[in-house]
Amino acid sequence: MLDRFAAITRWLSGLLMFAGAAGIVVMTGIIGWQVFGRYVLNASPAWSEQAALVLMVWFVMFGAAAGVHEGFHIRIGVFVEALPVRIRTACRAMALLIIAACGIALAVWGAQLVLAVWSHVIPTLGISRGFAYLPLPLSGGLITLFAIERLAELAAGRERGRMEGRV
């Protein structure tokens, strides 16, 4: 069962990284168009800055969630690596529990923020401000899911290798 779950989360993480990469490409195009409009046409589009900001929130939050799955989040492992195996495993479990708690907080409070601002419209884009913040609860849920998966792997003794993103 853990293998099937891991396959699904691996696919989901890959999808998040693809979406993040696509978001960076699109944002770069939007910023390029804004610069071209400003300096060549002397009329930059009003929507470009807000569109780039919305995209950035989306791809940064999805990248953060994928980072929990892939293990490329920021950490200092020298101290933990020097500990005995049992204590090292306990430290990794504690770190994953903290990550899961942060994911839950992000999901809950992010959802409250989305609901609070859903009726507000971003004037230059004509979309809901809540849409701009929707990645907060989505990535919070995914961060929690990925942390739980990593905890299950740790408990099953199937911890990922150093290069595959250990906590």
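The values are calculated or read from the model by the stated rules, or taken from the named source; none is laboratory data. As the structure is a computational prediction, the values presented were derived from the model and not from experiment. Counting neighbours? That spans all protein chains shown, and the Cβs are built from the backbone with ideal geometry, glycine included. Protein only, heavy atoms only, side chains kept; ligands, DNA and RNA dropped before computing areas. Shrake-Rupley method; radii C 1.70, N 1.55, O 1.52, S 1.80 Å.
Spatially, the range 1-71 and the range 127-161 are offset by 17 Å when compared through their Cα centroids.
Computing the accessible area with a 1.4 Å probe over protein heavy atoms, can you report the carbon and sulfur percentage for the chain? Numbers along the way, then the final one.
Details: 7280 of 9940 Å².
It is 73 percent, rounded to a whole number.
Across the chain, Cα pairs under 8 Å and at least six residues apart give a relative contact order of 27 percent. Considering only V57, A43, S139, the residue lying farthest towards the positive end of the dipole of the chain is S139, judged by Cα position with unit charges set on Cβ.
Taking all protein chains into account, the per residue accessible area for the chain stands at 59 Å² (1.4 Å probe). Overall shape of the range 1-158 was characterised from the C-alpha gyration tensor. The equivalent ellipsoid obtained from it has semi-axes of 37, 18, 14 Å, in decreasing order. Projecting the Cα positions of V68, A19, G32 onto the charge dipole of the range 1-89 (unit charges on Cβ atoms of Lys, Arg, Asp and Glu, taken about the Cα centre) puts V68 furthest along the positive direction.
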